[in-house]
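The values are calculated or read from the model by the stated rules, or taken from the named source; none is laboratory data. In this text the structure is predicted, and so the values were computed from the model without any measurement. Note that we place each Cβ from the backbone using ideal geometry, even for glycine, and neighbour counts take in every protein chain shown. Accessible surface areas use protein heavy atoms only, side chains included; no ligands, DNA or RNA. Shrake-Rupley method; radii C 1.70, N 1.55, O 1.52, S 1.80 Å.
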Amino acid sequence: MTSEKVAQYGRLEPMLAALEALVRCESPSDDLGACRSVVTLASDIATRVLGVPAQIKEIEGRPVFWWGAESPDVVILAHLDTVWPIGSYEPIWEIKGDVLRGPGTFDMKAGFIQALYALKGIEGSVALIATTDEETGSHCSKALIKEVSSKAKAVLVLEASLDGKVKTGRKGTAMYQIAVHGLASHAGLEPEKGVNSTTEIAHIILKLSALENTEHGTTVVPTLLSSGNTTNTVPDLATLDIDARSFSQSELERVDREIRALVAENPNARIEVTGGLNRPPLQPTSTKALYERAEKVAAAMGMPALGSVEVGGASDGNFAAAAGAQVLDGLGAVGGGAHAPHEWVSISSMQPRSDFLHAFIKDLLS
């Protein structure tokens with residue numbers, strides 16, 4: 001970093017240097033080697049910042065960063081995996097004024113670094129835990145998250161904020177893949193002898209739209225679609241991925257039943273459903289107490305009100321709440337563009353957010 005930048009950002013410069021190292025160590029969820037590398041680097045950074053290295057735990061075959069108490073009263077929850085395949089985000093690190101861009105900066109490596117620096121000088125029963133499979137559903141780490149959260153007094157989730165607001169509610173999620181098995185035939189000579197999987201999947205897509213419920217924010221979104229092999233063949237296989245979300249657990253269960261009960265229009269087609277419920281909703285009842293306490297801490301520091309919002313995206317905070325913990329989410333970076341090519345972080349917000357988190361942790365431990 002140039003001397004001009006050092007002068008501009010002052011004591012934030014070591015934080016930015018740590019973040020740059022973490023961002024340049026690209027870590028897509030499905031690249032296990034890359035995830036091991038980023039956790040090792042994060043432990044090295046923790047040693048430099050806090051004087052004590054993190055443990056690197058193996059949980060269901062995946063690396064997990066764990067710094068602090070084994071059975072903490074306050075859990076700080078983060079993740080170090082990203083959605084970006086290696087080499088897919090260019091430039092990998094760019095600063096223009098107050099805007100910092102890079103893969104995983106907003107979601108959520110800046111939040112991890114803010115948490116790490118917030119722990120400087122903290123004494124007490126606290127742990128910073130960062131997983132590496134959050135972006136793909138936390139299938140390996142969710143049992144760990146539930147276990148540690150069930151014993152904690154508070155779980156603070158360093159996912160990115162929404163315009164600086166913390167997140168006091170999140171939708172629950174379910175993910176499915178539907179495969180329709182048909183029968184191939186020549187599309188010109190004898191299409192009537194085939195069973196068209198594309199036609200069947202089209203009927204299914206229309207049925208899925210009827211499952212949505214605006215009252216509970218229930219969405220059932222067809223996403224990735226694949227069908228057929230050649231342009232002159234009746235397709236014998238079509239697959240469809242589905243993203244379902246709702247603020248209501250009973251709604252997710254209703255959608256689950258309806259998807260599993262789908263029947264093909266053509267009796268000679270076969271429907272196969274895989275996947276299912278993933279994260280339960282994060283209800284405001286699980287966040288109210290910590291949110292009110294956080295606002296008091298912010299006011300005592302002379303900060304503006306944090307503000308709160310309920311969002312459609314899910315996080316590991318959903319699992320923590322399901323385990324009975326008091327949770328507050330969205331305590332991480334200020335910026336925008338999660339999972340988008342313009343992903344960015346406000347540099348000037350990082351130190352104040354870290355300072356607030358430091359004060360909030362001390363308040364919770366007192």
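In this structure, is T173 among the hydroxyl-bearing types (S, T, Y) and either touching a Ser or Thr at 6+ places or on another chain (Cβ under 7 Å) or more than 30 Å from A320 (Cα to Cα) (or both)?
Numbers: among the hydroxyl-bearing types (S, T, Y): yes; either touching a Ser or Thr at 6+ places or on another chain (Cβ under 7 Å) or more than 30 Å from A320 (Cα to Cα) (or both): no.
It is false that T173 is among the hydroxyl-bearing types (S, T, Y) and either touching a Ser or Thr at 6+ places or on another chain (Cβ under 7 Å) or more than 30 Å from A320 (Cα to Cα) (or both).
Are there any pairs, at least 6 apart or on different chains, whose C-beta atoms fall under 7 Å, with the first in segment 252-266 and under 16 Å from A179 (Cα atoms) and open to solvent by 90 Å² or more (accessible area, probe 1.4 Å) and the second assigned to a helix (DSSP H, G or I) and charged (D, E, K, R), and if so, which?
Hits for this filter: E265/E200.
Residues to consider are A325, A299; find the one that is farther than 28 Å from I95 by Cβ, at pLDDT 95 or above and surrounded by fewer than 16 Cβ atoms within 10 Å (Cβ to Cβ).
Exactly one residue qualifies, and that residue is A299.
Kindly evaluate D355 against the criterion of being charged (D, E, K, R), over 29 Å from G97 (Cβ atoms) and part of a helix (DSSP H, G or I).
So D355 does not fit the description; no.
Which of the strands (runs of 3 or more DSSP E) found entirely inside segment 22-117 contain at least 1 residues meeting this: surrounded by fewer than 17 Cβ atoms within 10 Å (Cβ to Cβ), on the phi > 0 side of the Ramachandran plot and touching a residue at least 60 places away in the same chain (Cβ under 8 Å)?
Once the strands (runs of 3 or more DSSP E) in segment 22-117 are filtered for at least 1 residues that are surrounded by fewer than 17 Cβ atoms within 10 Å (Cβ to Cβ), on the phi > 0 side of the Ramachandran plot and touching a residue at least 60 places away in the same chain (Cβ under 8 Å), nothing remains.
Checking V273 against (1) within 30 Å of L364 (Cβ to Cβ); (2) of a type in the set (A, V, I, L, M); (3) in contact with a Phe, Trp or Tyr (Cβ under 8 Å, 6 or more places away or on another chain), which single condition isn't satisfied?
Here V273 clears every test but (1).
When you scan segment 244-260, do you find a residue that is of a type outside the set (V, I, T) and more than 27 Å from A322 (Cβ to Cβ), even just one?
no
Being hydrophobic (A, V, I, L, M, F, W, C) and under 24 Å from D98 (Cβ atoms) is the requirement here; does A269 meet it?
Details: hydrophobic (A, V, I, L, M, F, W, C): yes; under 24 Å from D98 (Cβ atoms): no.
Spelling it out, it is not the case that A269 is hydrophobic (A, V, I, L, M, F, W, C) and under 24 Å from D98 (Cβ atoms).
Inside segment 299-310, can you point out the residues that are outside any loop (DSSP other than H, G, I, E, B) and touching a residue at least 60 places away in the same chain (Cβ under 8 Å)?
Passing the criteria: S308, V309, E310.
Only residues that are assigned to a strand (DSSP E or B) and open to solvent by 30 Å² or more (accessible area, probe 1.4 Å): list them for segment 163-187, please.
Let us first name the residues in segment 163-187 that are assigned to a strand (DSSP E or B), namely 165-170, 172-181, 183, 185-186.
Once the filter is applied, which keeps residues that are assigned to a strand (DSSP E or B) and open to solvent by 30 Å² or more (accessible area, probe 1.4 Å), segment 163-187 yields K165, M175, Q177, H181, L183, H186.
Identify, from the list L290, L331, the residue that is closer than 23 Å to F247 by Cα, open to solvent by less than 30 Å² (accessible area, probe 1.4 Å) and outside any loop (DSSP other than H, G, I, E, B).
On the way: L331 fails: outside any loop (DSSP other than H, G, I, E, B).
Residue meeting the stated conditions: L290.
Here are R245, R260: which of them is closer than 29 Å to A154 by Cα and basic (K, R)? Before you say what the answer is, go through the steps one by one.
Details: R260 fails: closer than 29 Å to A154 by Cα.
When all the criteria are applied, what remains is R245.
Please find, within segment 334-366, the residue that is most open to solvent (accessible area, probe 1.4 Å) out of those that are in contact (Cβ under 8 Å) with a residue 24 or more places away in the chain and within 15 Å of the chain's Cα centre (by Cα).
So in segment 334-366, the residues in contact (Cβ under 8 Å) with a residue 24 or more places away in the chain come out as 334-339, 341-365.
Imposing the further condition that a residue be within 15 Å of the chain's Cα centre (by Cα) reduces the set to 336-339, 343.
Working: G336: 13, G337: 17, A338: 52, H339: 96, E343: 1 Å².
For segment 334-366, the residue satisfying everything is H339.
Output the number of residues of segment 227-280 satisfying the condition of being over 22 Å from C140 (Cα atoms), in a loop (DSSP other than H, G, I, E, B) and among the polar types (S, T, N, Q).
Residues in segment 227-280 being over 22 Å from C140 (Cα atoms), in a loop (DSSP other than H, G, I, E, B) and among the polar types (S, T, N, Q): 7 in total.
Of all residues in segment 199-212, which are surrounded by fewer than 16 Cβ atoms within 10 Å (Cβ to Cβ) and among the polar types (S, T, N, Q)?
S209
Any residue in segment 116-125 that is at pLDDT 95 or above and in contact with a Gly (Cβ under 7 Å, 6 or more places away or on another chain)?
No, segment 116-125 has no match at all.
Which condition from (1) open to solvent by 40 Å² or more (accessible area, probe 1.4 Å); (2) over 21 Å from V39 (Cα atoms); (3) touching a Phe, Trp or Tyr at 6+ places or on another chain (Cβ under 7 Å) is the one that K142 breaks?
Only one criterion in (1) open to solvent by 40 Å² or more (accessible area, probe 1.4 Å); (2) over 21 Å from V39 (Cα atoms); (3) touching a Phe, Trp or Tyr at 6+ places or on another chain (Cβ under 7 Å) is unmet by K142, namely (2).
Mind counting the residues in segment 228-251 that are without any contact (Cβ under 8 Å) to a residue 40 or more places away in the chain and either in contact with a Phe, Trp or Tyr (Cβ under 7 Å, 6 or more places away or on another chain) or farther than 30 Å from S286 by Cα (or both)?
Total satisfying the criteria: 2.
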